[in-house]
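Following: one structure in structure tokens, then a few remarks.
The values are calculated or read from the model by the stated rules, or taken from the named source; none is laboratory data. This is a predicted model, so every value here is computed, not measured. When we count neighbours, we look across all protein chains shown, and the Cβ atoms used for this are built from the backbone with ideal geometry, even at glycine.
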Amino acid sequence: MHIQYFIYVFGYLLSVNSKGMSTTEHVCTWETVSDTISHVYTSACINRRSACSDMLTVTAGDTIYDDLLAFGTSHAVSIARLVKPHSRDKGFTTHTGFRTMGLLLGHTAPVNCVRWIRSADLVEDSRPYLLLASADNKSQVKIWSCTLDSLLNKPWSARGGNWLPLIDVLVPSFEIPNAVDGFVLWRSTSDGCGVVSLDVAADTRIHVWHFILRESQTTGDGPVSLCHSATRPPSYAAILCRPSMCLCLRSFCWLASATQVIHFVVVGLDTGVTEIWAEYVTPIQSEHVADDGDCARFIRSARLTGHTDWVRCLDLCRDYSTTTLSLFLATGGQDNVIRLWHIFDATQVPGKVTLKVCDLQLPLPPHAVRCTLSIASESVLSSHENWVTGVAWAPRTRAVSFPPLLLSSSMDQSMVVWAPPDDKVGLWLERTRVGNSGITGLSFLDCLWLPSDGSAIFGHNFQGSLSSWYHSQYDGLWSPGFPLCGHHGSVMDLSWSATNTSASPFHLLFTAGSDQTVRAHVPLRLESRINSLSDCFNDVSELYDHLWHEIARPQVHGYDMNAIASLSAISYVSAGDEKVARVFTATRSFVDACRQMLKLDDYPLGDNLLSFELATSSLAERAVQPTLGLSNQISVPSPVDPLDGTVTDSTADVVNTHSDSCVASSFGASLPTEDRLQCATLWPEIKKLYGHPYEIHACIILWNGLADWSIHQRLMHHQLTVTQMAWSHDGQHLLAVSRDRTWSVWSPEQTNEQLPTYTLTAFPAKGQSHTRIIWTGAWCPDDHYFLTGSRDKCLLVWSAPKKRAPAELIAVPCYPLDVRKVFPDGITALDVCQCSNVDPAAVSYLVAIGLDSGTLKLLILYRSVLMEPADLRWSVIFSLPPPWSHVPGKQVRRVAFEPTTFEMTGTALTPVHLATGATDGVVHVFSIDRERLSACLMAPHETVS
């Protein structure tokens, strides 16, 4: 009989029981195993900074292929693309949101700002390269380059996009960047080279660099990549705005004539002033653009006043239908006001001469053609009730006239679409207002338009999520879409939903983070299509069947979460920075939504296959969280008098929630939006588990989950904190690893009892264990071996205790098998699953390793059935590519294979999912073809030292 136990020790939850060194290393390259592993999901949030996300449309000629999103997440830059549903998916008529393709690693501090570098040509034609600028909190600024062909061919592969660091500069005096922008002047020749201008607003100065770009080819038939000229150093100029702080920045380039190029930089200051600086640049056909004598000649063209507080955001839009310069500037400040300015040629628009504020001073050379630009105050928009944090002009494709629509975001939790004056109304008016009502923590930090057609707007909220609204052509309404979201703190633990049967069509993935939330992720089954040339490639086949989404946020806690253990698909136990563990169960609305969205007529709930009516009869309809409480409580419907509809006095006992209207909406037939995830997907808490008197406690407690969650037994052995625990797959042994550099295995005294008593049966012999903290341990799927990983960088394999009679159950010291594996960094996470099952003469296990450096590795432990059980061998090691790994230096907290049953020999294994979580706040899910991966890793490979 299987036993249900929940284990908790020093804030670490483990699981629920449901049934010789060498410096030479064999490695496996990505090209060898690229067809065996696919990246199906990444959960990541946007850093809590304005201007930390940007969108770009990828075009080739007149064809639009993709909408790309770049955003900063922890110390990395994430690249995502928009995925749309197939026409056969009637229930999902809108976009399914952005899917993250991978991470650009290289920054050593949190990324502050991200910006696509666009072409400065009057007609922005398609070029063979994409350029992206990013800046971090340690004054490092990078420009990344990507070939357009590699992005369109295999975007979902690890090499998709082929992103490479093009330029890396350090802001002088270690000033912290607040905003970055730039443009590229492509040459008129067909070699694709040009000059890129990089503008950075950092502290009290504006820093400007100019780089000459060239193409390079490492081999005669190798790929062509972009690089900056090493023979001509970049030019550099600094604009001092002291004592004002430079908070936001935009730049643009104006071709006054065929030989006159003026570079403008617009910056918002903390004094409420917006300044425009300009420099004269020599013709783009010349290579002397990078000369300091030609570039470092900035003058202040204009100084715009009007805001009474910090200028937090600004944006520019330009009318490309005219040969003269006509440009609109929008600035938003902490005075809750948006100001619009019009920059124009006074000789071409004589009607606005009386409205002009000033003329722009232009840095033209002595013999240049004279031209005059003026700036006028267009309008003042006052509708927000808190700081204006973002403004964005609609893309040119959506604007039927100039100026286009304007989008603004604010800390008042709303975004507003402003309509320009027309023939009937001569004022800027508020056309649409969207946002979140009555929900704390969802203020907006920035806003974006969908660049391809402007049919969607996006808001970056304070929790790091990207909320979306899509415009309907039929009724003209804006409907909320699926958000891009993730933990905005470290991912401390994750757990797949437990099940006793392999018939379960899916497994929920629970993640717990230091952002005080528990999130549930699930693969959405639908026929998705990707709007690009890559639809026909195999690397997107996983996306045709599953599109992963965050489906619920069962717990929004007041403490940082440390651990989580799944009891079933509808219940889990979690623990945070407190001495209490909490048990949660799903709501009936959650189960209803799962069945509708996942297209499941019936699936196993809990520990047995139950009918839907029986399984949900005891579940609460929904849960709420008290305003000043930590425990999610069952929502009780308010009693209403049937005669007059008034609420009776008994409502005084009803729990007050953050947003009653949001809870009332609960789940629908579609995936929840960000505001619903925040408050309408909570699960009720059914039990608190008290047992540990101190936060630092090395006692293991077994709880009776079959009855009233009472304490069944305390297991005392370790001297320092127990860091992780794992049940064997047959439910007969419990493995615990500790900071005291030892491990322990506990076994039941009577196997035929429903609640047996456990006793210590194995521990490491003195001097034979790890020399540093043991972080992690895991059982092999057949329970013949278990593995331990430590800070000493060693992976050890141990034989499982042999079955003995109850009278012979004594603690036996154990010795590690002679297959010690050393890694370059400490091992912080590991898990094991069955690898290959085709060869009846071999037994193999797939081992996933997470290192202290953020690296993920896969390798196989195997032996022949004709060999001794202790005679094991290691395969070559495969390291997951950087776009699929975690941020360097961010500890991998947990790796976990999706639960599978142990298959008998001779049958091919199905692909398995692997989930990883780290302190960078990112969760990855991979799909691994175990049979094909085994063939790749077991084949002979090169040896490296």
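General observations
- Among the residues examined, L689 does not qualify as of a type in the set (A, V, I, L, M, F, W, C), closer than 24 Å to V522 by Cα and at pLDDT 50 or above.
- The conditions of being at pLDDT 95 or above and crowded, with 16+ Cβ neighbours inside 10 Å are met by S409.
- Exclusive hit being in a loop (DSSP other than H, G, I, E, B), modelled with pLDDT of 85 or more, within 23 Å of Q463 (Cα to Cα) and of a type in the set (D, E, K, R), set D515, D493: D515
- Of all residues in region 154-204, those satisfying the criterion of being modelled with pLDDT of 90 or more and assigned to a loop (DSSP other than H, G, I, E, B) are V171, E175, I176, D203, T204.
- Residue count for region 300-323 satisfying the condition of being part of a loop (DSSP other than H, G, I, E, B) and closer than 17 Å to R396 by Cα: 5.
- Only residues that are in contact with a Leu (Cβ under 7 Å, 6 or more places away or on another chain) and over 18 Å from L795 (Cα atoms) were counted in region 729-769, giving 6.
- Candidate set: region 752-766, residues that are at pLDDT 90 or above and part of a loop (DSSP other than H, G, I, E, B); chosen: the one surrounded by the most Cβ atoms within 10 Å (Cβ to Cβ): T757
- Just one of the numbered conditions (1) at pLDDT 90 or above; (2) surrounded by fewer than 23 Cβ atoms within 10 Å (Cβ to Cβ) is not true of S465: (2).
- Sole residue being among the charged types (D, E, K, R), within 30 Å of V434 (Cβ to Cβ), outside the structural domain of M415 (by TED's automatic domain parsing) and at pLDDT 85 or above, chosen from R582, R676, R595, R622: R676
Matching residues to (1) assigned to a strand (DSSP E or B); (2) touching a Pro at 6+ places or on another chain (Cβ under 7 Å); (3) surrounded by fewer than 23 Cβ atoms within 10 Å (Cβ to Cβ):
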site	(1), (2), (3)
H712	yes, no, yes
D740	no, no, yes
Q750	no, yes, yes
Q768	no, yes, yes
R772	no, no, yes
G777	yes, no, no
D783	no, no, yes
L817	no, no, yes
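- Counting the residues of region 787-810 that are more than 39 Å from the chain's Cα centre (by Cα) and surrounded by 15 or more Cβ atoms within 10 Å (Cβ to Cβ) gives 2.
- Restricting region 819-840 to residues that are outside any loop (DSSP other than H, G, I, E, B) and in contact with a helix residue (DSSP H, G or I) (Cβ under 8 Å, 6 or more places away or on another chain), the residue that is modelled with the highest pLDDT: C833
- Scanning region 306-326 for residues being over 14 Å from L405 (Cα atoms) and over 34 Å from the mean Cα position of the chain (by Cα) gives a total of 10.
- Selection of first residues in region 608-635 that are closer than 17 Å to Q678 by Cβ and crowded, with 20+ Cβ neighbours inside 10 Å and of second residues that are at pLDDT 70 or above and among the basic types (K, R), restricted to Cβ pairs under 9 Å at least 6 apart or on distinct chains, gives the following pairs, ordered by first then second residue: R622/R588; N632/R582; S635/R622.
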